[in-house]
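FYI, it's all coordinate maths here, none of it is from the lab. Not measured: the values here are computed from a predicted model. Here the Cβ is made from the backbone with ideal geometry for all residues, glycine too, and neighbour counts use every protein chain on show.
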Amino acid sequence: MVQQSGGNIDLDIRQISMDEPWSWLNRGWRDLCTRPGISLCYGITFTVASYVLVGCLQFLDLLYLLLPLGAAFTLLGPMLAVGLYEASRRIETGEEVRLKNVAFVGIRSPIQLAIVGLFLILAFLVWLRVATVLFALFFSGATPNFAELIPTLILTTHGIAFLIVGSAIGAVLAFAVFAISAISVPLLLDREVDAITAIITSIRSVANNFRPMLLWAWLIAMLTLAGMVTLFVGMIVTFPLIGHATWHSYRDLIEA
């Protein structure tokens, strides 16, 4: 185990097995089924927001940003799922779980959480800038319309090259952000620690459990993709499932 200090507490990082990410999904599904109304409300809200975003991109002729923004879910997702972490925490402790409890979460370290959120937003903006530059390089500024977007991406040389290069760069950035936010957000929800301690603890948790955490990152990516390819309808379930499971990843990685 790795031990480090954060405020007045010592954080011990557990070693986990390759089976644990599957266990997190199983327990996340159990939480979702325990309070399906609250969990699916989060998923529906996220799905509706996705449709609004697509409409705005279409209206502004920025539809080429759709895939980068979809990938950016992995960057901002940890902040969007705070209420789901709280729901899982309450289920775990036997406390009452109501929508008002998870919609207005009492964060133990709100300012420190805001600092982590700022890191994630900056990463999000960097990724959007990179995606915009890549699109300009591969498409010479010519923006395909909605009907042409998918065929252009998968049936043309420059479209395929854009997907390969963009996916490679995006994967590296996403995993770096994943290491920062894997457990830092639920940690700040649960304990009074500073943002730097939370981020370092998250990075060390990933580094010391690299293979299972790589699997966990892949599972998150696949569930997110599954939600997107169903025209975001699947996100009604996959978004809360990932959120609940992330709480259990934090609980298994950090000693009580």
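Summing Cβ point charges (Lys, Arg +1; Asp, Glu -1) relative to the Cα centre of the chain gives a dipole of roughly 160 debye. Phi angles across the range 30-45 convert, under the Karplus curve 6.51 cos²θ - 1.76 cosθ + 1.60 with θ = phi - 60°, into 3J(HN,Hα) values of 4, 5, 4, 6, 5, 10, x, x, 5, 4, 6, 4, 4, x, 5, 4 Hz, Gly and Pro given as x. Net length available on complete extension from Thr34 to Tyr51 is 3.4 nm, with 0.36 nm assigned per residue and the Cα-Cα distance removed. Relative to the first principal axis of the alpha-carbon coordinates of the chain, what is the inclination of helix 195-208, with its axis defined by its Cα atoms, in degrees from 0 to 90 and to the nearest 10? Its long axis makes an angle of about 80 degrees.
3J(HN,Hα) couplings calculated from phi for the range 235-249 with the Karplus curve 6.51 cos²θ - 1.76 cosθ + 1.60 (θ = phi - 60°) are, in sequence order, 5, 4, 9, 5, 5, x, 4, 4, x, 5, 5, 5, 4, 5, 5 Hz; Gly and Pro show x. The spread of Cα positions in the range 121-245, taken along each principal axis and listed from longest to shortest, comes to 49, 29, 25 Å.
Pairwise inverse Cα distances across the chain, averaged and inverted, put the Kirkwood hydrodynamic radius at 19.0 Å. Label positions at Ser17 and Trp218, each projected 7 Å from the Cα along the C-beta direction, are separated by 1.8 nm. Each peptide in 193-200, 160-167, 112-119, 240-247 was scored by the mean count of other Cβ atoms within 10 Å over its residues; highest first, the order is 240-247, 193-200, 112-119, 160-167. Annotation for the range 24-106: GluC sites (Glu not before Pro) lying in DSSP loop with at most 15 further Cβ atoms inside 10 Å of their Cβ are Glu95, Glu96.
Remark: the Gln58-Thr156 segment gains 33.1 nm on full extension, using 0.36 nm per residue and subtracting the alpha carbon distance. Residues considered: Val105, Val133, Val206. Largest GNM mean-square fluctuation over the chain, using C-alpha springs under 10 Å, is found at Val133.
What is the helix-to-structure angle for 210-229, meaning the angle in degrees between its Cα long axis and the longest Cα principal axis of the chain, kept from 0 to 90 and rounded to the nearest 10? Approximately 50 degrees, to the nearest ten. To the nearest ten degrees, helix 146-155 and the longest principal axis of the Cα atoms of the chain are 90 degrees apart. Label 7 Å along Cα→Cβ of Ser167; the range 55-69 residues with amide nitrogen under 14 Å? Counting backbone N atoms under 14 Å from the label point, the list is 67-68. If you run the Gaussian network model on the chain, springs between alpha carbon atoms under 10 Å, then out of Asp61, Asp12, Asp190 the most flexible one is Asp61.
Calculated [222 nm] ellipticity per residue, helices only, for the chain: -25000 deg cm²/dmol; basis is -39500 (n - 2.57) per DSSP H run with n ≥ 4, divided by all residues, nearest 500.
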